[in-house]
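Read through the structure below, which is laid out as structure tokens, and then see the notes.
Here, each number is a calculation from the coordinates, and none is a lab measurement. Predicted, not measured: the structure shown is a model, and the values here were computed from it. Reconstructed Cβ throughout: ideal geometry from the backbone, glycine too, with neighbour counts over all protein chains shown.
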Amino acid sequence: MKRFDYLIVGSGLFGATFAYLARKKGKRCLVIDKRSHIGGNLYCENIKGINVHKYGAHIFHTSNKEVWNFVNSIVEFNRYTNSPVANYKGKVYNLPFNMNTFYQMWGVTTPAEAEIKLEEQRAEAKVTLNGREPQNLEEQAQLLIGKDIYTILIKGYTEKQWGRSCKELPAFIIRRLPIRMTFDNNYFNDKYQGIPIGGYNKLIKGLLENTEIRLNCDFFKERETLTALADKIVYTGAIDEFYDYKFGRLQYRTVSFDTQIKDIPNYQGNAVVNYTEREVPYTRIIEHKHFEMFGTTINECPQTVVSYEYSTEWELGMEPYYPVNDAHNNILAEKYRELAAQETNVIFGGRLAEYKYYDMAPVIEKVFFTIRALEL
Ligand code: UDP
């Protein structure tokens, strides 16, 4: 009999949730991570009393009550509501695209006026498309929201984030963003959202409590020995690396952060400010304290921590963040997925192993689904 039922490669949200649920079913799990800490990209570093989202901002949102109750059973979540603003050439616009944005953009004050303006804005795209489905992000954006908003709030930001022309990017990326005919700056349509009180490390620690963890442990350096320890593997790393890149490398976008401490309590007045013009080199500035401190409590902490976010193409040795779901990469990913589907003792899950642009809640849903299918 092997020492463990599951070797879980990666202690991010998929791995940690799987470990928690499998342990509850009496399974013996070993979680390994090549980093020196648990939590994957959810990991926060405490700087000057502020939880800094070291690998990029994470905001939990879901309409799934089961998922919401689950995460809150591990740690209570606060009432943070994401309402990013966009800065274009010094002018500030509300996001997602809503009546506030339309007022700032065109001076319209009622939904009826805004509808007329939007119809005018979409007209060109409708003529160009002539009834066919949008083939790329540019066509999709112009059809959804028209040319002004596309030019001012979408084009530059998207091309910086993805390093590709909007004409080469898939339409689905922009369909993530809601369009609202109300004065509502809540970025998400979901019923529930928030940040764990005390930070994401509490969530991950809670999920991995009583599970054996090995840090600084690289699966690929000790593949045979580690594999021999458990009956099955839950693999959450990059799928192409698992197969030694045999069909070629998948592409990712990586993000680098210039994190600075500012000697003022409030730098930008919001957690997220997007810089949508192409000429500003960073995509957004995150001011971390606003995720967990609200109203006048922000002044209790005299300093603030901000991260300037730069998006670049991934190269070997960098952290892979976003899968690039363009046609070339999708075909390649599918070839790897076909291999993965033949594995009987390996479960692939999460953003890197599924090569999927995933939010957190769907990752948890996927773990629920996986655990149910295993009938542990
Ligand atoms: N986007 C944009 N302008 C913005 C914010 C987002 O054009 O100010 C587009 C961009 O293409 C981006 C996509 O919407 O890739 C999804 O943005 P989201 O904020 O959901 O991405 P994430 O937070 O996952 O990076």
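Some observations on this one:
- Qualifying residue in the range 176-197 (condition: closer than 24 Å to Met360 by Cβ, in a helix (DSSP H, G or I) and within 16 Å of the ligand (Cβ to nearest atom)): no
- Count - residues of the range 283-322 that are outside any loop (DSSP other than H, G, I, E, B) and within 16 Å of the ligand (Cβ to nearest atom): 15
- Residue check for Arg278: surrounded by fewer than 13 Cβ atoms within 10 Å (Cβ to Cβ), touching a Gly at 6+ places or on another chain (Cβ under 8 Å) and not polar (S, T, N, Q): yes
- Pick from the range 164-175, criterion part of a helix (DSSP H, G or I) and not basic (Lys, Arg), ranking: farthest from the ligand (Cβ to nearest atom): Phe172
- Each residue in the range 1-48 was checked for being of a type in the set (Ser, Thr, Tyr) and touching an Asp or Glu at 6+ places or on another chain (Cβ under 9 Å), and 3 pass.
- Output for the range 226-247, where each listed residue is basic (Lys, Arg) and within 16 Å of Ile8 (Cβ to Cβ): Lys232
- Top-ranked residue of the range 52-91 - restricted to ones that are more than 10 Å from the ligand (Cβ to nearest atom), part of a loop (DSSP other than H, G, I, E, B) and under 17 Å from the mean Cα position of the chain (by Cα), ranked as surrounded by the fewest Cβ atoms within 10 Å (Cβ to Cβ): Ser63
- Checking the range 333-347 against the condition returns no match, with no residue being surrounded by 14 or more Cβ atoms within 10 Å (Cβ to Cβ), within 22 Å of the chain's Cα centre (by Cα) and within 16 Å of the ligand (Cβ to nearest atom).
- Residues being of a type in the set (Gly, Ala, Ser) and more than 23 Å from Phe77 (Cα to Cα) - total across the range 250-297: 1
- Pick from the range 5-17, criterion in a helix (DSSP H, G or I) and more than 16 Å from the ligand (Cβ to nearest atom), ranking: surrounded by the most Cβ atoms within 10 Å (Cβ to Cβ): Gly15
- Some residue of the range 231-244 being away from the ligand (no atom under 16 Å from the Cβ), of a type outside the set (A, V, I, L, M), within 18 Å of Tyr43 (Cα to Cα) and surrounded by 20 or more Cβ atoms within 10 Å (Cβ to Cβ): yes
- Restricting the range 92-120 to residues that are more than 24 Å from Gly269 (Cβ to Cβ) and either surrounded by 20 or more Cβ atoms within 10 Å (Cβ to Cβ) or touching a residue at least 60 places away in the same chain (Cβ under 8 Å) (or both), the residue that is nearest to the ligand (Cβ to nearest atom): Leu118
- Filtered residues of the range 348-376 (kept if touching a helix residue (DSSP H, G or I) at 6+ places or on another chain (Cβ under 7 Å), closer than 18 Å to Tyr20 by Cβ and within 16 Å of the ligand (Cβ to nearest atom)): Gly350, Met360, Ala361, Val363
- Residues within the range 341-354 that are of a type outside the set (Lys, Arg) and closer than 13 Å to Phe14 by Cβ, tallied: 7
- Residues considered: Leu215, Leu208, Leu250. Of these, the only one that is within 16 Å of Ser11 (Cβ to Cβ) and either among the small types (Gly, Ala, Ser) or surrounded by 14 or more Cβ atoms within 10 Å (Cβ to Cβ) (or both) is Leu208.
- Residue match in the range 107-114 (condition: closer than 17 Å to Ile174 by Cβ and not charged (D, E, K, R)): no
- Filtering the range 126-163 to residues that are within 19 Å of the chain's Cα centre (by Cα) and either more than 10 Å from the ligand (Cβ to nearest atom) or closer than 27 Å to Tyr103 by Cα (or both) leaves Leu137, Ile154, Tyr157, Thr158, Glu159, Lys160, Gln161, Gly163.
- Some residue of the range 18-39 being assigned to a strand (DSSP E or B), surrounded by fewer than 18 Cβ atoms within 10 Å (Cβ to Cβ) and among the charged types (D, E, K, R): no
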